[in-house]
Structure formats: C-alpha cells, structure tokens
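The values are calculated or read from the model by the stated rules, or taken from the named source; none is laboratory data. All figures in this text were calculated on a predicted structure; none of them were measured in a lab. Please note: Cβ atoms are built from the backbone with ideal geometry, for glycine as well, and neighbour counts cover all protein chains shown.
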Amino acid sequence: MVANPSILFPDAAGEVPAVSERLLAVNNVNLEYHTRERIVRATHNVSFDVYGGDRFVLLGPSGCGKSTLLKAVAGFIAPRSGSISLDGEPVRGPGADRIVVFQEFDQLPPWKTVLQNVMFPLRTAKKLGRAEAKERALHYLEKVGLAAFVDAYPHTLSGGMKQRVAIARALAMEPRVLLMDEPFAALDALTRRKMQEELLRLWEETRFTLLFVTHSIEEALVVGNRILLLSPHPGRVRAELNSHQYSHDSFGRIDFQRSVAHIHRLLFEETEPAQ
Ligand SMILES: Nc1ncnc2c1ncn2[C@@H]1O[C@H](COP(=O)(O)OP(=O)(O)O)[C@@H](O)[C@H]1O
Ligand SMILES: [Mg+2]
C-alpha cells in the first residue's frame with residue numbers, strides 16, 4: 001500500500017513543487033540472490049517513480065534490499081521479475097547515465113591524483129578530449145571545495161574529502177540520475193551533517209536528479225524531497241511520503257520530531273503482530 005503523503009504530513013498538502021518528467025520507473029521489481037544453498041529474496045514487488053530534479057530517498061532498515069535496489073537501477077543486477085526503465089528505455093546494464101557514489105572510502109583508484117580520478121571516466125566513458133575533461137573536472141572539484149587538492153593522492157585525504165572527490169567525479173559525468181548508497185554513513189556526525197548540507201547546496205546549484213539510500217530517518221527527511229519507506233527483509237513498499245519541507249533547521253522542531261516518530265512507527269512497529 002502506498003500511503004497518501006498529504007495524509008501523513010498534512011502541512012505538505014499543496015506545497016509539492018511542480019515536477020518535471022518521469023525519468024526513472026521501477027515497476028513491481030523482485031530481486032533475488034541465488035546462493036549455493038538457497039535463494040534470497042531481497043525485494044518484493046517494489047514500485048516507485050523518480051522525476052527530474054527529485055531527491056528521492058530509499059529508507060529502510062539494514063538488510064531490506066536498498067543497496068540491491070540501487071544496484072539494479074545501476075544495471076549491475078537484473079530483476080527476477082518486474083521492470084526498470086530510464087527515460088522510457090529498459091535498463092539493460094550499467095551506463096554513464098547512472099553513476100553510483102558508494103559508502104566506502106576506497107572507491108577512488110589510489111594511484112591516480114584527485115584530478116586524474118575525476119578526469120578518468122570523462123575521458124573513457126564520456127569520450128571527452130583531455131582539455132575539456134580537465135576543465136570539467138576542475139569545475140566540479142571547485143564546486144565541492146577541493147580546488148587546492150587536485151594534485152593530492154586519495155590516501156592523503158580525510159574520509160569526507162574522499163567522498164567529495166567521489167561526488168565531484170559523479171556529478172562531472174552529468175548523469176541522468178545520481179545514485180548514492182549511504183555515502184555519508186561512515187563519516188563522523190559533524191562531517192556527515194556538513195556533507196548533507198553541501199549536497200543540498202550542490203543540488204540547489206545544478207538541480208540534478210538524486211536517488212539516495214539511507215537507513216537514517218533524520219538523514220532521509222533532510223536530504224530527500226520524497227521518501228520511499230521499505231519494510232524489513234525482504235523489502236516491500238510501506239509508504240511514500242513528502243519531506244521537502246525539512247532542512248537541518250528543522251531539527252528539534254516539534255513537526256520534525258513527529259515525522260521521525262511517525263516514520264519509525266511505519267518502519268518498525270506495524271511489522272510486529274500484537275502479542
Ligand atoms: N551477494 C549476496 N548474496 C546473497 N545474499 C545477499 C547478497 N547481498 C545481499 N544479500 C542479502 O540480500 C538482502 C538485502 O541486502 P542489501 O540490499 O545489502 O540490504 P540493505 O542495503 O538494505 O542493507 C539481505 O538479506 C542480504 O543479506
Ligand atoms: Mg546497503
């Protein structure tokens with residue numbers, strides 16, 4: 001069941017920003033892993049649509065299939081059944097129109113400088129000439145505040161800076177949808193908050209389309225404009241709701257706390273049958 005967002009958050013009614021065209025359509029997707037012993041169902045009949053300029057969040061507990069869903073959208077895994085399409089075309093494999101930023105800090109080849117890391121996919125996947133790739137890489141590195149570190153090697157950078165490089169590299173590709181799998185989960189709380197703010201600032205500047213995975217309710221409310229709640233394993237859609245009214249300034253506000261509590265109940269309590 002997909003709950004009506006205006007019922008969940010009455011304040012949000014009528015404030016939904018005008019959306020552009022549907023970019024990504026995920027329809028009744030079942031995802032499975034086939035191990036030697038058994039078949040693990042990761043998601044069950046999951047459907048959602050992402051529109052241009054959305055900051056769409058997949059939120060659910062660990063193991064509910066968020067990463068698997070993101071990998072399927074990225075084209076690394078094919079659905080057992082159901083369909084995924086981008087701009088009306090079925091997703092058949094990975095492509096430069098969908099770029100993933102992962103949680104791990106080791107996603108940058110260590111033998112390349114920051115600039116080379118960002119330039120590399122522009123040269124290989126986008127087929128840009130050296131000068132154009134360099135110009136674009138520098139542009140995005142400046143946007144994430146790393147202009148002074150273009151010649152540094154990844155091992156000399158903090159976790160937050162490595163994630164900034166990964167974000168610059170992804171944005172430089174100018175994908176149709178930017179996919180992020182808990183990109184800030186391994187950072188300390190202060191850096192995490194700063195990165196969330198930076199991501200939102202970047203979004204204000206370039207209005208990219210984002211599909212963002214997290215298990216943090218607060219992060220989902222702050223980062224997302226729409227949130228899909230997934231049940232514990234195997235992931236099913238619990239509800240879809242609007243969250244564009246929240247920012248870091250909302251922390252501690254009563255409506256924000258109410259939304260956190262409400263989502264918590266939707267995620268966890270309804271799954272437990274009354275004793
Ligand atoms: N390579 C794999 N082989 C078998 N099972 C897997 C594999 N990867 C994930 N799973 C299982 O699929 C389910 C969903 O995993 P995942 O998508 O990583 O969840 P999440 O990202 O929400 O924590 C879990 O039960 C997990 O144990
Ligand atoms: Mg995961």
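Here are the numbers:
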read-out	value
Flag if L138 is assigned to a helix (DSSP H, G or I), within 24 Å of the chain's Cα centre (by Cα), surrounded by 18 or more Cβ atoms within 10 Å (Cβ to Cβ) and among the aliphatic types (A, V, I, L, M)	yes
G129 vs. criteria surrounded by fewer than 16 Cβ atoms within 10 Å (Cβ to Cβ), away from ligand 2 (no atom under 16 Å from the Cβ) and within 30 Å of L228 (Cα to Cα)	no
Check on R98, more than 20 Å from L58 (Cβ to Cβ), of a type in the set (K, R) and in contact with a helix residue (DSSP H, G or I) (Cβ under 9 Å, 6 or more places away or on another chain)	no
Scan of the stretch 235-257 for residues that are among the polar types (S, T, N, Q) and surrounded by 20 or more Cβ atoms within 10 Å (Cβ to Cβ), ordered by number	N242, S243
Verdict on G145 being at positive phi and not hydroxyl-bearing (S, T, Y)	yes
Residue count for the stretch 62-92, restricted to those that are within 16 Å of ligand 2 (Cβ to nearest atom) and either among the β-branched types (V, I, T) or buried (at least 16 other Cβ atoms within 10 Å of the Cβ) (or both)	12
Which numbered condition V223 fails, given (1) in contact with a strand residue (DSSP E or B) (Cβ under 9 Å, 6 or more places away or on another chain); (2) over 18 Å from V100 (Cβ atoms); (3) surrounded by 22 or more Cβ atoms within 10 Å (Cβ to Cβ)	(2)
Matching residues, the stretch 54-73, being near ligand 1 (Cβ under 6 Å from one of its atoms) and of a type in the set (F, W, Y)	none
Residue ranges of strands (runs of 3 or more DSSP E) in the stretch 166-275 with at least 3 members within 16 Å of ligand 2 (Cβ to nearest atom) and modelled with pLDDT of 95 or more	177-181, 210-214, 226-230
Selection from the stretch 1-58 of residues that are among the polar types (S, T, N, Q), modelled with pLDDT of 95 or more and surrounded by fewer than 15 Cβ atoms within 10 Å (Cβ to Cβ)	N28, N45
Per-region count, the stretch 141-165, residues of a type in the set (F, W, Y) and either part of a helix (DSSP H, G or I) or touching a helix residue (DSSP H, G or I) at 6+ places or on another chain (Cβ under 6 Å) (or both)	1
Within the stretch 105-115, tally of residues that are surrounded by 13 or more Cβ atoms within 10 Å (Cβ to Cβ) and either within 30 Å of S62 (Cα to Cα) or touching an Asp or Glu at 6+ places or on another chain (Cβ under 9 Å) (or both)	6
Per-region count, the stretch 121-135, residues touching a Leu at 6+ places or on another chain (Cβ under 6 Å) and either under 22 Å from Q196 (Cα atoms) or part of a helix (DSSP H, G or I) (or both)	2
Qualifying position, being touching a residue at least 40 places away in the same chain (Cβ under 8 Å) and within 16 Å of ligand 1 (Cβ to nearest atom), among L230, L221	L230
Tabulated pairs, the stretch 104-121, first touching a residue at least 12 places away in the same chain (Cβ under 8 Å), second charged (D, E, K, R) and crowded, with 18+ Cβ neighbours inside 10 Å, C-beta under 7 angstrom, 6+ apart or interchain	F105/K162; L108/K162; N117/R169; V118/R169; M119/K134; P121/R169
